[in-house]
Every structure is written in structure tokens, then in C-alpha cells.
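Following: one structure in C-alpha cells, then a few remarks.
The values are calculated or read from the model by the stated rules, or taken from the named source; none is laboratory data. Every value quoted in this text rests on a predicted model; they were computed, and no experiment measured them. Here the Cβ positions follow ideal geometry from the backbone for every residue, glycine too, while neighbour counts run over all protein chains shown. With ligands, DNA and RNA removed, areas are computed over all heavy atoms of the protein, side chains included. Shrake-Rupley method; radii C 1.70, N 1.55, O 1.52, S 1.80 Å.
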Amino acid sequence: MPISALLILNQKGEIVVSRYYRDDVSRYTTERFGLKVIASKETGSLPPVKTIDGASFLYTRHGNLYFVAATRSNANPSLIFEFLFQWIRILKSYLGPAFTEDNISLNMTLAYELFDETMDFGYPQNCAIDLLQLYINLGTQRAKDTDEKDAGQLTSQITGIVDWRREGLRYRRNEVYIDVNESVNLLIGANGNILRSEASGQVMMKTQLSGMPECKFALNDKLNMEKEEGDKQTAEDKRRAVEIDDCTFHRCVRLGKFDTDRTITFVPPDGEFELMRYRVTSQNIKLPFRLVPAVQESSKDKLTVTLKATANFESLKAATNVIIKFPVPPNTAKTHIKVGAGRAKFEPDQKAIVWRVKKWNGGAEFMMQADVDLMATTKNKGWNRPPISMDFNVSMFTASGVYVRYLRVYDKSGYQTHRWVRYKCRAGEYQVRI
């Protein structure tokens, strides 16, 4: 994926700073890009890829600045865009999240140092922010006194495979916090059939561990449990095992080991990071809420809507900030609403009756009933009945059934690790047609 040049342009199409790694793209060609694409206001209306004089320009925007990569090779555009996005993150860490053209102009030395450290002859190199900040101390970063030992450790980190964690970390109390966050997407047809149901989740970790520990992490993944336990699996284990459809990992995870035995092994970064994302689409997803709507049109100017909502999780758990939006015709004049819990009112800007409940205990069932008066209209246009939508948060619950089986921490000093796990489920696109 050789990149011939990296450029930062302002909204006038003028080059603020540039670095040419190869001689196959000329400055004249890059200036033509600035005039033809940026200055002519072509950005935003067309895809962010442009070919000029045989060179491909890929660009993205941050504030009033454009970050551009030029190449003549058949490069992977996803990799180039990821590099540009990472470059923006790097500048944010040095110049602040809202950096401008003036910030870059006042820190040209920093920009050129970053150009040279993050790319060599058009190939991306070290883009880890923590590691860059160890030896590029310009911008808002404070210089650190380094001796020969520190320099040796730095060289080892640059050339080694673990660039996301520094050596020599020490904590009085070694702790790991794990958050399993899920969002549930649901679409139920008007006849009550489930048309789509899936749970998308992410595993967030915050580590405060000494040294360079190796962690072994496992969910109740069906394939992993079959490989580990084999014939020793009980009927309960088989019932609780979840088939994970696809997953992506942080770059610290050893993918080769995951491919062979489905174990998630890694040396964790220090602090907070996203370990993995996953998706479950099986029919065994436990829906947090069951909605049963009904609409009765008694006349042309009046209709009655009812909704029965049931919480399908354990009574010891509770959903918070529950919001249900029940659509009504756009010519609604007024409503008379009765609810079993919380508050509900007609909101004209939403074209819906919005039912809000601060806390909904597991197993509880509530009803909403509303008499809707309609205004007469000149056009005899039917109501297209948009779906009911719902929003909620449920703590210590996962709709997919995913849970953390274990987290093992191995370190040569053999210290004791304290672990905390928290689960949270929220609504994604949770809709029921009426």
C-alpha cells in the first residue's frame, strides 16, 4: 500500500503542510487537486476519491482542514482511510481535539516529525499514540528526561510486537474491569412474527495491571466450550452456550491462537480499551420487552389505540429510562390517555404518543390506552402506520445470553488480580409494526 504523498489542505485548497515519500506524484498534480476538488466545493457531494493525472487522491475532513493521501499504486482504500483517521487522532492528542490551520502552522516541526515517524517510503509504520508521545515531545506533550536505559526500552518497544503497552508498570492493587454492552435490534411484523432479531455487543476493559501480564479470556461461546470441555459438557452448559456469528478484536489479541482453539489470549494495553465486538443472530435471543399493540378505528374522526408491554427479564432486575413511541395519524387533534405506570402524552412534533417510565421492574406488565380524536382533512389519504419504537436500558442483562466465563491473568510475579464484570443491554432499533 505505498502512499506517494500526504497533504493537509485548508478549505481554500491551499497546502498547509505536505510530505512527499515518492517522486511519482508531483507538486503540480497535488495543487491541481486542491483547486479542482477543494476550492471548487466538490467535497461532500461526491465520493472522497479523485483521480487526477493518473494519481488517486483519497481524502477526509476534520473541521476546516482536509487530510489527503496520494498514490499511483492499486492500494487498498480502506487501509489508506484508516491511516488518515489515525493521523487525525494523533494530531488531536498533540494539538487538542479542535486543532486548526493555525495550530499546525505554529507546530511545523511536530508535523514533519510525525510525518517521518508514522510512514517510511510510503508504508505506514508506528501509529501508536502512546509510543509516539514517548519520544516526540512537542505540541502539548511535556518532554520527559530519558537516560540510556529508557532509550533501550524505547528501541525494544519500537521494534517489538507489543507497542500498545509500556514495560515497568506498577500498581499497588491489580484490577480488571469488564463491561459487556449490548444493543438489541428487533422488528416484529403486524401479524406478530419476528422479522429480524439480533444483538450486537462490545466488550470493554479497563486494566490496571503490573508488569507485562498475559490474559486469557472466554465467553460462553459454543465452539469454545465444545473444544475445552468436549464430552464433559453438561446439559446446562449446552443450553447456556451461545453461537456467536461474527466478531472483531483489538490488535492485542493473538488471532492465530483464536483460530486454532477459540481462546482469546492477549497482552492488554494499560487503561481502557475495546477488547472485541460480536454479533448474535440466533433465534434464542431473549427479547427484553414484549409489545402487543392494537388499533381500532371506530369512525373517520376517532380511533382507539391500546398497548400491552411486558418485561421479559427477572424480577430482581429493572429497566430504566423506558420510552415507547406509539405513532398516531398526522391529523390528530387531541388525545385522552390512560397508562398503568409512568406518564404518556401526545407530542405533535413526534406524531406519536410518547410513553415514559423511569423504572420498569422485571416481569411487570403495564397497559396504555388512548382515545384519539382526528381532524377532518380535505385529502382522503390513508394512514401508513409507522412502527412503534422503543428505547430502554437494562443492567446486568444480555439479550443474547452472552456472559464472561473466566478471565485468567498470568504474570511471572504471580500477583493476585481483582476482577469486576458488568452487563448492560440497551435498545437499538427496537420496532413493532401495527
I want to check the label-to-label distance for Asp261 and Glu214. Put each point 7 Å from Cα in the C-beta direction and report it in nm to one decimal. 1.0
Quick one: what are the phi-derived ³J(HN,Hα) couplings along segment 360-365, Karplus 6.51/-1.76/1.60 with θ = phi - 60°, whole Hz, x for glycine and proline? 10, 6, x, x, 6, 10
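How many lysine pairs are close in segment 1-101, with Cα atoms under 20 Å apart and the two 8 or more places apart or on different chains? Working shown, then result.
Working: Lys12/Lys36; Lys12/Lys41; Lys12/Lys50; Lys36/Lys50; Lys41/Lys50.
Total qualifying Lys-Lys pairs in segment 1-101 comes to 5.
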Tell me, what ³J(HN,Hα) does each residue in segment 202-212 have, in order and in whole Hz, if you take phi through Karplus 6.51 cos²θ - 1.76 cosθ + 1.60 with θ = phi - 60° and put x for Gly and Pro? 9, 10, 9, 10, 10, 10, 10, 10, 7, x, 10
If amide hydrogens are placed 1.01 Å from N in the peptide plane, which non-local residues have theirs closer than 5 Å to the one on Gln431? Leu186, Leu187, Ile188
Write down the percent of antiparallel bridges among all DSSP beta bridges whose residues are both part of the chain, to the nearest 5. 90
With a 1.4 Å probe and every protein chain left in place, tell me how much accessible area Tyr59 has, in Å² to the nearest 10. 20
Could you run the Karplus curve 6.51 cos²θ - 1.76 cosθ + 1.60 with θ = phi - 60° over segment 80-95 and give me ³J(HN,Hα) per residue in whole Hz, x for Gly and Pro? 5, 5, 4, 5, 5, 5, 5, 5, 5, 4, 5, 5, 4, 5, 9, 10
Multiply the residue gap between Tyr406 and Ala190 by 0.36 nm, knock off their C-alpha separation, and tell me the result in nm, one decimal place. 73.6 nm
Assigned charges on the beta-carbon of Lys, Arg, Asp, Glu; the chain dipole about Cα centre (debye): 1920
With every protein chain in place, what's the accessible area of Arg251 (1.4 Å probe, Å², nearest 10)? 140
Carbon and sulfur together cover what percent of the accessible area of segment 1-66 at a 1.4 Å probe radius? 48
Could you check the simple spin-label distance between Ser315 and Arg89, using points 7 Å along Cα→Cβ, in nm with one decimal? 4.7
In debye to the nearest 20, the charge dipole size for segment 286-353, taken about the Cα centre with +1 at each Lys and Arg Cβ and -1 at each Asp and Glu Cβ, equals 100
Can you give the calculated 222 nm mean residue ellipticity of the chain, where each DSSP H run of n ≥ 4 adds -39,500 (n - 2.57) and the sum is split over every residue, rounded to the nearest 500 deg cm²/dmol? -5500 deg cm²/dmol
With Cβ to Cβ distances under 12 Å as the rule, what net charge do the other residues near Asn312 carry (K, R +1; D, E -1)? +1
Ranked by how many other beta carbons lie within 10 Å on average, peptides 104-114, 392-402, 213-223 from highest: 392-402, 213-223, 104-114
Taking all protein chains as present, what is the carbon and sulfur share of the accessible area of segment 351-402, in % to the nearest whole number, probe 1.4 Å? 49
Going through Lys222/Lys308; Lys317/Lys338; Lys334/Lys359; Lys300/Lys359 one by one, the pairs whose alpha carbons sit over 31 Å apart turn out to be Lys222/Lys308; Lys300/Lys359
Relative contact order [Cα under 8 Å, 6+ residues apart], the chain, whole percent: 15
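Using the heavy atoms of the protein chains and a 1.4 angstrom probe, tell me the accessible area per residue for the chain in square angstrom.
I get 54 Å² per residue for the chain.
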Using alpha carbon centroids, what distance separates segment 174-229 and segment 383-433, in Å? 7
